[in-house]
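Worksheet for the structure shown next.
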Amino acid sequence: MEVRLEDKIAYIIAVVSEFATAFSLNPQQAYRYLNRFKGIDFVDKFYHVEHTQSFEDVVEDLAVYCRKNGGSLA
């Protein structure tokens, strides 16, 4: 099943917003952090799995993934 680009973009925007809230960042800071430490790439690559999870689980997945790539948010 092919994923609509608009759906994926909307989902990534929602994930960035949830990540920002979870770590007390504004959306721009969250996006820059996720982009720098490959979190955006992670969500893009694994969208087919991640979008079936709760936002809480996705935020935790991203935090772990970004830490493995040099990020320091706990």
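Worth a mention:
- Residues that are crowded, with 18+ Cβ neighbours inside 10 Å and either assigned to a loop (DSSP other than H, G, I, E, B) or β-branched (Val, Ile, Thr) (or both), drawn from the stretch 41-74: Val43, Val58, Val59, Gly71
- Contact map, the stretch 1-16: first residue farther than 11 Å from Asp44 by Cα, second residue hydroxyl-bearing (Ser, Thr, Tyr) and not in a helix (DSSP H, G or I), Cβ cut-off under 7 Å, separation 6 or more or different chains; the map is empty.
- Of all residues in the stretch 18-40, those being open to solvent by 80 Å² or more (accessible area, probe 1.4 Å) and closer than 18 Å to Leu5 by Cα number 0.
- Here Ala10 meets the list (1) over 21 Å from Asn69 (Cβ atoms); (2) in a loop (DSSP other than H, G, I, E, B) almost entirely, failing just condition (2).
The values are calculated or read from the model by the stated rules, or taken from the named source; none is laboratory data. The structure presented is a predicted model; accordingly, all values stated were derived computationally and were not measured. In this analysis, Cβ positions are derived from the backbone assuming ideal geometry, glycine residues included, and neighbour counts consider all displayed protein chains. When the accessible area is computed, the model is the full protein with side chains, heavy atoms only, and any ligands, DNA or RNA have been set aside. Shrake-Rupley method; radii C 1.70, N 1.55, O 1.52, S 1.80 Å.
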